[in-house]
Amino acid sequence: MDTKPYTSGLSDDAVMITLQWHALDDDLVVGRGYAKHRPDGRLFVTIDAWHDAAFDRLSEAMLAALPAPLYTVVDEADVELTAGWRRAGFTIRRREWEYAVPTDPRITGLDQLLPPRGVTIVPAGQADEGLLRAVDRAIRDEVEATIGWQSMPAEVIPRPEGDTIVDPSKYAVAAASDRYLGLIRVVTVNRPRIGLLAVRASEQRRGIARALLAHALATLHNSGFAEAWTEVHESNRPATSLFEGIGARPMSSNLELVR
């Protein structure tokens, strides 16, 4: 069996490079490995192999070629894949629950919810980009100074280095008269995904996050979507309570492993 790496996925502005390995058995591809930097700078690896021997050979070759630390994400229900990464020396760093979130306000109980006094919800695509970037930067700095941004759900959408707002049209915001207080990002590819819901630390516990969520879900419901999806870190009790309180159902769990 042989393993051979090569690179691909170099974009015009060189923001992302994907490294790939192939495991060959008599010129037949029996496994593939990939390594790619996430937008937060961490290096994530994945392996798709037909059997344990191919997985182990690929992981050995990749780990010898790549700098630590390395990360990977697996479905917790995939016992064999998790065991493979364990054999390679990876340990569990965090667990995220994936929730199916109903959008019908009659189910969520958010049909009569109004924003707090003095707060206005600005729909996606209508936010002032300068104020949007300011609130995003402020919230990220607050999170980084406390629990660390890496404790938030993984951001997987490629973006230019240093730019944390990939597409301003995907964000709805909670606005005061002079600044934005919070934001929610919803991206729809195959299904709607709530990728970020956050409020400035000084404005929390006022119902702003709940109002942003009510707006986003109502917008999706009016567009014909019965459910959205989101991921919540298992230690994030406020987020867990918020989503489960509107009828969101945990569907699966993902493990982030690190070596």
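The residue that is nearest to Val119 (Cα to Cα), counting only those in the stretch 196-210 that are touching a strand residue (DSSP E or B) at 6+ places or on another chain (Cβ under 6 Å) and part of a helix (DSSP H, G or I), is Ile208.
Name the single residue, out of those in the stretch 50-77 being assigned to a loop (DSSP other than H, G, I, E, B) and exposed (fewer than 13 other Cβ atoms within 10 Å of the Cβ), that is farthest from the chain's Cα centre (by Cα). Filtering the stretch 50-77 for residues that are assigned to a loop (DSSP other than H, G, I, E, B) and exposed (fewer than 13 other Cβ atoms within 10 Å of the Cβ), the one farthest from the chain's Cα centre (by Cα) comes out as His51. Ser252 - would you say it is within 17 Å of Arg95 (Cα to Cα), surrounded by fewer than 18 Cβ atoms within 10 Å (Cβ to Cβ) and modelled with pLDDT of 90 or more? Criteria met by Ser252.
Scanning the stretch 129-146 for residues that are in contact (Cβ under 8 Å) with a residue 24 or more places away in the chain and not β-branched (Val, Ile, Thr) turns up Glu129, Leu131, Leu132, Arg133, Ala134, Asp136, Arg137, Ala138, Arg140, Glu142. Restrict the check to the stretch 207-227 and report whether at least one residue is of a type in the set (Phe, Trp, Tyr), in contact with a helix residue (DSSP H, G or I) (Cβ under 8 Å, 6 or more places away or on another chain) and either open to solvent by less than 60 Å² (accessible area, probe 1.4 Å) or modelled with pLDDT of 95 or more (or both). No, the stretch 207-227 contains no residue that is of a type in the set (Phe, Trp, Tyr), in contact with a helix residue (DSSP H, G or I) (Cβ under 8 Å, 6 or more places away or on another chain) and either open to solvent by less than 60 Å² (accessible area, probe 1.4 Å) or modelled with pLDDT of 95 or more (or both).
The set of residues in the stretch 86-106 that are of a type in the set (A, V, I, L, M, F, W, C) and at pLDDT 95 or above comprises Ala88, Phe90, Ala100, Val101.
Among residues belonging to the stretch 21-44 that are assigned to a strand (DSSP E or B) and under 16 Å from the mean Cα position of the chain (by Cα), point out the one that is nearest to Ile92 (Cα to Cα). If we take residues in the stretch 21-44 being assigned to a strand (DSSP E or B) and under 16 Å from the mean Cα position of the chain (by Cα), then Phe44 is nearest to Ile92 (Cα to Cα). Being assigned to a strand (DSSP E or B) and open to solvent by 10 Å² or more (accessible area, probe 1.4 Å) is the filter; apply it to the stretch 176-194 and report the residue that is farthest from Gly125 (Cα to Cα). Checking each candidate, the answer is Arg193. Restricting attention to the stretch 9-49, the residues that are at pLDDT below 80, open to solvent by less than 70 Å² (accessible area, probe 1.4 Å) and either in contact with a Pro (Cβ under 8 Å, 6 or more places away or on another chain) or of a type in the set (Asp, Glu) (or both) total 5.
The values are calculated or read from the model by the stated rules, or taken from the named source; none is laboratory data. Worth saying up front: this structure is predicted, and the values here are computed from it rather than measured. All Cβ positions, glycine included, derive from the backbone under ideal geometry; neighbour counts span all protein chains shown. Note: accessible area is taken over every heavy atom of the protein model, side chains too, but ligands, DNA and RNA are not part of it. Shrake-Rupley method; radii C 1.70, N 1.55, O 1.52, S 1.80 Å.
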